[in-house]
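S.K.: Have a look at this one before I ask anything.
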Amino acid sequence: MISKIKFKKLYVFIFLIVTYLIVCQSCMRMRMNTDKTHDFFQNSNLNYIDKTEIIDSSTVHYIQTGNNENPTLFFVHGSPGSWDAYKDYLKDTLLLKKYRMIAVDRPGFGYSDFGKSKNLYNQSKLLIKLVEKLNNKKAIILVGHSYGGPIIVKMASLQPKLFSDLVILSGAIDPNAENPEKWRPIIMGKPIRYLIPGALRPANDELWWLKEDLITMKPNLKNIKSKIYVIHGTKDPLVPYSNMAFIQKQFVNAKSMDTISIKNANHFIPWEHFELIRNVLYDLKIEN
């Protein structure tokens, strides 16, 4: 009788572990599915493009709105996340008057090879190739929030002539401001990494690599010749406000530099300060 009870407990334990692993593979993907995307834009009476490109054997998914003959706002989300971090910008009537807008799923997130982590350089190279493929010969403005900030900076350092403007929202650019948690590599290895749900897995990987990636990028910040706009909350608990001073000091060859400090704002400014950021984007002086 005792052995049967032990066997049943073991069976239940194994069942729970297997169930948890299955759930981890499917939950917390932090992305909007096709049906919800359709409903979102249909409710706004807005045409959109939902497409995945194959680039260097990788899949890169994006959503596009607006007139294809207009200058481009190219949105890059943070970690974790997906294109829908910018969904309200993509349907904004003011921005639609002026721009073609593209919001991408970064490699490893959304529907872009979900779960397959890449470092700052490899993500940036893939996104540059996507931009080049979609290039309509009009001005291209990069907009990046949080981890999307160093992505767009890396892109502009690799291809300085391709991008007219960078809009850095709470961007993590200063390597000295990064203090990666010592527990991150512990959960990067097998089998523990499979206990981490969904999009948190690639997010953990890239955040662990970020400090070294920023150290590598720092000497190349002088390559950037775009117009720079930096918007940061003074009370950001995730990406220190000191990044703004670092950008002002290091982007020595930027065409221009404009900064906005949002007093007492936290890290989530794209949503909590939507109107301010939308107006900055709308008011950009575009040179074609």
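S.K.: Could you work out the relative contact order of the chain, using alpha carbon pairs under 8 angstrom and six or more residues apart, expressed as a whole percent?
M.R.: 18 percent
S.K.: Also: Kindly express, to the nearest 10 degrees and within the range 0 to 90, the angle between helix 148-158's C-alpha long axis and the longest C-alpha principal axis of the chain.
M.R.: With both axes taken from Cα atoms, the answer is about 60 degrees.
S.K.: Ok, one more. Taking a ≥ b ≥ c as the square roots of the eigenvalues of the Cα gyration tensor of segment 111-174, is the shape rounded (a/c under 1.5), prolate (a/b larger than b/c) or oblate?
M.R.: oblate
S.K.: With only Lys, Arg, Asp and Glu charged, each at its Cβ (+1 for the first two, -1 for the last two), find how big the charge dipole of the chain is about the Cα centre; round to the nearest 20 debye.
M.R.: Dipole about the Cα centre, nearest 20: 720 debye.
S.K.: From the P(r) of the chain, could you give the percentage of C-alpha pairs in the tail past 34 Å?
M.R.: Percentage above 34 Å: 22.
S.K.: Rounded to the nearest 10 degrees, what's the angle between the helix 2-26 long axis and the longest principal axis of the chain, both from Cα atoms, 0 to 90?
M.R.: Around 10 degrees separate the two axes.
S.K.: Are there GluC sites (Glu not before Pro) in segment 49-145 that DSSP marks as loop and that have at most 14 other Cβ atoms within 10 Å, and which are they?
M.R.: Here the sparse-neighbourhood loop sites are 69.
S.K.: Could you tell me which of the pairs 235/255; 225/249; 182/211; 154/222; 129/227 are separated by over 23 angstrom between their Cα atoms in the structure shown?
M.R.: Cα-Cα > 23 Å for 235/255; rest within.
S.K.: Which value, in debye to the nearest 20, gives the size of the charge dipole of segment 93-141 about its Cα centre, when Lys and Arg are +1 and Asp and Glu are -1 at the Cβ?
M.R.: Using only the charged Cβ atoms, the result is roughly 260 debye.
S.K.: Name the shape class, rounded, prolate or oblate, that the alpha-carbon gyration tensor gives for segment 239-288, where a ≥ b ≥ c are the square roots of its eigenvalues, rounded holds for a/c under 1.5, and otherwise prolate holds if a/b is larger than b/c and oblate otherwise.
M.R.: oblate
S.K.: Out of the DSSP beta bridges found with both residues in the chain, what percent are antiparallel (nearest 5)?
M.R.: Looking only at bridges with both residues in the chain, the antiparallel portion is about 30 percent.
S.K.: Please state the charge dipole magnitude for segment 191-288, taken about the Cα centre, from unit charges on C-beta atoms (+1 on K and R, -1 on D and E), reported in debye and rounded to the nearest 20.
M.R.: For segment 191-288, the charge dipole is close to 280 debye.
S.K.: Largest first and in whole Å, what are the equivalent-ellipsoid semi-axes of segment 73-140 based on the Cα gyration tensor, each being the root of 5 times an eigenvalue?
M.R.: Listed largest to smallest, the semi-axes of segment 73-140 are 22, 16, 8 Å.
A short reminder: the numbers here are calculations on the coordinates, not readings from a lab. A quick note: this is a predicted structure, and the numbers were derived from the prediction, not measured. For neighbour counting, all protein chains shown are included, and Cβ atoms are generated from backbone atoms with ideal geometry for every residue, glycine included.
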